[in-house]
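Visitor: Below are the structure tokens for one structure; questions will follow.
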Amino acid sequence: MRGQVTSAMVTVFVPGLWWIAPFAAMLLAIAILPLAAPRFWDSNLRKLGVSALLGLPVLALYGWQRPEALAHTAGDYVSFIALLGSLFVISGGIVVTGDVEARPSVNAAFLAVGAVLASLIGTTGASILLIRPLLSTNEERRHVAHTVVFFIFMVANAGGCLTPLGDPPLFLGYLRGVPFTWTLRLAPHWLFVNSLLLAIYYFWDRREHARESPVDVIRDRTLVRPLHVSGKRNIALLLVVVASVAALPTPVREVVLVAAALTCLAVTPASIRQANRFTFHAIAEVAALFAGIFVTMLPALDILHARGADLGLSLPWHFFWASGLLSSFLDNAPTYLTFLAVAQSLGLPPQVAGVSHEVLAAISTGAVFMGANTYIGNGPNFMVRAIAEERGVRMPTFGGYMLYSGAVLIPCFVLVTLVFFR
């Protein structure tokens, strides 16, 4: 039923390989049910039911064998939802009204600004802050899905690698001893990937813009209104969130995050949220699905912890692809910690956090960049998709999105390997 790894004094529980099945079933449900049973899958309560059904066997196993791991995962989940939820609520209280012409250069500017903001207020904060004005700008256009996909690539993922505030794995690295300013070493990687994606997007959007009907193009040029920001007081609450993540320990941090979100709900006029078309559907979907993901991924992570040294990882590019590919399907924060632990066990030069600079850069960029490969690679991905669908954008399915990432991101990551990690 299970395996064990034994040392002279300690016996560590390791589940059998078949315990990966609930996690695999969770991924298949997310990929297949939206197509096979769209009405069933539309309900967040049913999504939570699927998470509970697949998670219960793992809950029982870990409640019996490793209750401390279950408690730790529960704490991580609460922190995860508190951070995403507070950023979601507060960003939803800031509305950018107006409608500029949705030219390719304007859309590219949105993505470029978002990539910078992602490292300052986190990928979640930047995504929630900018996705609605981007959708409003493109409201008169019919071909919009590719813009949202590239938004996920850049703003929800690749833009967030310059500071520990940008993405959860980097924040966990900071808590494990990586200096706060170390991530600035990743500036060349950040610039390379985001510049490449921005160039690809610009020419892609030029082609899509040329496909728009003349009537829609004229409407887009005619219905122009100056941009105006309402709910500016909530910017201060965003700064509170950023400061608490940077400076406060658990559970004080989570209390402050929840308090900031509740304050926003209390002081923000209903008219602002109505103008933003704000609902809780997107964050509820993330909470329901990631409850199942966090629980069912426990056996996969434990197996990787126990047998990671047997994987033959030794070179930076090994860690870039290993951490990246797993971050495409597992939550990228624990995946980052797992490969950091594997690297620390190899006796590498202890330049930072017990590993070399180059290996830590490979783990960091792999976890952050490749979180964009699937909808479940990073929390904001699902949020952005849900918000876009609420606004009438027909987004790609789970598999359809991976066709985008396979065609665009994987070649980019091959170039990253050749430039930085050979």
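Visitor: Considering only protein heavy atoms, what is the solvent-accessible area of H305 at a probe of 1.4 Å, reported in Å² to the nearest 10?
Guide: Surface accessible to solvent at H305 totals approximately 100 Å².
Visitor: What distance in nm lies between label points placed 7 Å from Cα along the C-beta direction at A109 and R391?
Guide: Using points 7 Å along Cα→Cβ, the separation is 1.7 nm.
Visitor: Next question. Can you give me the % of accessible surface on the range 291-422 that is carbon or sulfur? Probe 1.4 Å, all protein chains present, nothing else counted.
Guide: 63
Visitor: Once you have a ≥ b ≥ c as the square roots of the Cα gyration tensor eigenvalues for the chain, tell me rounded if a/c is under 1.5, and otherwise prolate or oblate according to whether a/b is larger than b/c.
Guide: Prolate is the answer for the chain, as a/c is 1.5 or above and a/b outweighs b/c.
Visitor: Tell me the carbon and sulfur percent of the accessible area for the range 1-150, rounded to whole percent, probe radius 1.4 Å.
Guide: 70
Visitor: Treating the angle as unsigned and between 0 and 90°, give the value, to the nearest 10°, between the Cα long axis of helix 252-267 and the longest Cα principal axis of the chain.
Guide: Taking the Cα atoms of the chain, the angle to 252-267 is about 20 degrees.
Visitor: Measuring with a 1.4 Å probe in the full set of protein chains, what accessible area per residue, in whole Å², belongs to the range 199-274?
Guide: Accessible surface, normalised per residue, equals 61 Å².
Visitor: Could you tell me how many degrees, from 0 to 90 and to the nearest 10, lie between the Cα long axis of helix 44-65 and the main elongation axis, the longest principal axis, of the Cα atoms of the chain?
Guide: The angle comes out at about 10 degrees.
Visitor: Rounding to the nearest 10 and keeping the result within 0 to 90°, find how far the Cα-based axis of helix 67-92 lies from the longest principal axis of the chain.
Guide: For helix 67-92, the angle is close to 10 degrees.
Visitor: While we're here: Give the accessible surface of the range 58-160 per residue, rounded to a whole number of Å², with probe radius 1.4 Å and ligands, DNA and RNA excluded.
Guide: 26
Visitor: Can you compute the modelled spin-label distance between W204 and V255, with each label point 7 Å from Cα toward Cβ, in nm?
Guide: Simple spin-label model gives 4.5 nm for this pair.
Visitor: Tell me, what is the FRET efficiency for S271 and R307 to the nearest 0.05, using R0 = 45 angstrom and their Cβ-Cβ distance as r?
Guide: 0.20
Visitor: Could you order the peptides 133-141, 230-238 from most to least packed, using the average number of other C-beta atoms within 10 Å per residue?
Guide: By packing density, highest mean first, the sequence is 133-141, 230-238.
Visitor: Sort the range 199-357 into rounded, prolate or oblate with this rule: let a ≥ b ≥ c be the square roots of the eigenvalues of the Cα gyration tensor; rounded if a/c is under 1.5, and if a/c is not under 1.5, prolate when a/b is larger than b/c, oblate otherwise.
Guide: Oblate.
Visitor: Quote the FRET efficiency, to the nearest 0.05, computed for A24 versus V78 with a Förster distance R0 of 30 Å and r equal to the Cβ-Cβ distance.
Guide: 0.75
Visitor: Identify the trypsin sites (Lys or Arg not before Pro) of the range 259-312 meeting these criteria: DSSP loop state and at most 15 other C-beta atoms within 10 Å of the C-beta.
Guide: R277
The values are calculated or read from the model by the stated rules, or taken from the named source; none is laboratory data. Note that the structure is predicted; figures quoted are calculated from it, not measured. When we count neighbours, we look across all protein chains shown, and the Cβ atoms used for this are built from the backbone with ideal geometry, even at glycine. These area figures cover heavy atoms from the full protein model, side chains too; ligands, DNA and RNA do not enter into them. Shrake-Rupley method; radii C 1.70, N 1.55, O 1.52, S 1.80 Å.
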